[in-house]
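See structure below.
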Amino acid sequence: MQCIQDTSQLEGVFTSLEWDGLAPDSSFAGLPRVLGHRPRIAVGEEHRHCCGASGIELVAVQPDDPALPEQARRSLRDLAPGHAIAAIALSELAGGWIAMPGVNLRIATTADLGDDRTVAISLADAVALLQAPGGDHLLVRTTVICEGMPDAVPPGWQVMAGSTA
């Protein structure tokens, strides 16, 4: 299965962009149609991009995100606020919790997320974690998958991947 950050299964032209931090609403102006929006929160001391990361990453996704491979959408069909899904390689986390003051997310199950260091959470839970006391100290990046290629990359965004076919 492809990593939930992978875009190689998309048909047509797309662009994957990244914003360092939580992208403000105003940053989406000038982007082509956004297919997927994934805030990513680093957990642990070391943090690298997606696949091969040494630390765990909480990735906020919508289960029906059209930019996700079909297998990932099936694996995430039970994702809901208050519940997380860990990668199969993190099976020891199943039944555990992600907790911050005022926020408790149950790691309900594991699934093939295509990445051994990912825990999928809902967008609502990502917002709750970032708004919790101490949430402003979390390391976060925002990834978007856009339909098409922007004429010019808006300030603050970095191109991570793209396809022309």
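The values are calculated or read from the model by the stated rules, or taken from the named source; none is laboratory data. Just so it is clear, the structure is predicted and the values come from calculations on it, not from any experiment. When we count neighbours, we look across all protein chains shown, and the Cβ atoms used for this are built from the backbone with ideal geometry, even at glycine.
Between a residue in region 66-91 that is under 20 Å from residue 34 (Cα atoms) and any residue that is in a strand (DSSP E or B), which pairs come within a Cβ distance under 6 Å, given they are 6 or more apart or on different chains? If the second residue must be in a strand (DSSP E or B), the pairs left are 66/35; 67/35; 67/36; 67/145; 76/120. For region 72-91, a residue qualifies if it is modelled with pLDDT of 95 or more and more than 19 Å from residue 40 (Cβ to Cβ), and exactly one does: 82. Considering each residue of region 119-146, count those that are surrounded by 14 or more Cβ atoms within 10 Å (Cβ to Cβ) and over 17 Å from residue 27 (Cβ atoms), and give that number. So the answer is 11.
Against the test of being modelled with pLDDT of 90 or more, among the small types (Gly, Ala, Ser) and closer than 14 Å to residue 38 by Cβ, the options 108, 132, 120 yield a single qualifying residue, 120.
Does region 11-31 hold any residues that are surrounded by 17 or more Cβ atoms within 10 Å (Cβ to Cβ) and of a type in the set (Gly, Ala, Ser), and which are they? Scanning region 11-31 gives 16, 23, 27. Residues of region 74-95 that are within 16 Å of residue 56 (Cα to Cα) and touching a Lys or Arg at 6+ places or on another chain (Cβ under 8 Å): 84, 87, 89, 90.
Restricting 105, 113 to residues that are under 30 Å from residue 14 (Cα atoms), touching a residue at least 12 places away in the same chain (Cβ under 8 Å) and not small (Gly, Ala, Ser) narrows the list to 113. Within region 95-106, the set of residues being touching a Gly at 6+ places or on another chain (Cβ under 9 Å), surrounded by fewer than 21 Cβ atoms within 10 Å (Cβ to Cβ) and closer than 15 Å to residue 80 by Cα comprises 103, 104, 106. Comparison of 77, 106 shows that the only residue that is touching a Pro at 6+ places or on another chain (Cβ under 6 Å), farther than 17 Å from residue 130 by Cβ and not hydroxyl-bearing (Ser, Thr, Tyr) is 77.
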